[in-house]
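Worksheet: the structure to be examined is printed underneath.
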Amino acid sequence: MADAVVTGLQEITDALKSMPDKMLKSTLRSAVRAGANEVKNAIKANAPVDTGKLQKSIKVKASRGTKDTIIFKVKRAFTKNIKMELVM
């Protein structure tokens, strides 16, 4: 397993806290969707290809969260969903 070093977290946190609520939610929603799309692409790349129906069935879907959550699901046919949830 590789180690990663992340720098600048305090600056990011400060920038997010200074944003208006609507802009913050939009920014975080975009970031979570981008992460969900990365998961979707990895699943598609590793899915077996017989007819291609399984790969075509893999989608990212936004779900209604609460006031403080953003939820995206990576849905695929015939298996359980992968849920990505961000709690603000």
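The values are calculated or read from the model by the stated rules, or taken from the named source; none is laboratory data. Predicted model, so just to flag it, every value in this text is computed and none were measured. Here the Cβ is made from the backbone with ideal geometry for all residues, glycine too, and neighbour counts use every protein chain on show.
Residues checked against (1) assigned to a helix (DSSP H, G or I); (2) at pLDDT below 85; (3) surrounded by fewer than 11 Cβ atoms within 10 Å (Cβ to Cβ):
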| residue | (1), (2), (3) |
| --- | --- |
| VAL5 | no, yes, yes |
| LEU24 | yes, no, no |
| ASN37 | yes, no, no |
| ALA45 | yes, no, yes |
| GLY65 | no, yes, no |
| ILE71 | no, yes, no |
| THR79 | no, yes, no |
Q: Provide a single number: the residues in the stretch 6-30 that are of a type in the set (A, V, I, L, M) and touching a residue at least 24 places away in the same chain (Cβ under 8 Å).
A: 2
Q) Does LYS53 satisfy being of a type in the set (Lys, Arg) and either surrounded by 12 or more Cβ atoms within 10 Å (Cβ to Cβ) or at pLDDT below 85 (or both)? A) yes
Q: Please enumerate the residues belonging to the stretch 30-56 that are of a type in the set (Gly, Ala, Ser) and either in contact with a Gly (Cβ under 8 Å, 6 or more places away or on another chain) or farther than 13 Å from PHE72 by Cβ (or both).
A: ALA42, ALA45, ALA47, GLY52
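Is at least one residue of the stretch 32-45 in contact (Cβ under 8 Å) with a residue 40 or more places away in the chain, of a type outside the set (Gly, Ala, Ser) and within 22 Å of THR13 (Cβ to Cβ)?
Taking every residue of the stretch 32-45 in turn, at least one turns out to be in contact (Cβ under 8 Å) with a residue 40 or more places away in the chain, of a type outside the set (Gly, Ala, Ser) and within 22 Å of THR13 (Cβ to Cβ).
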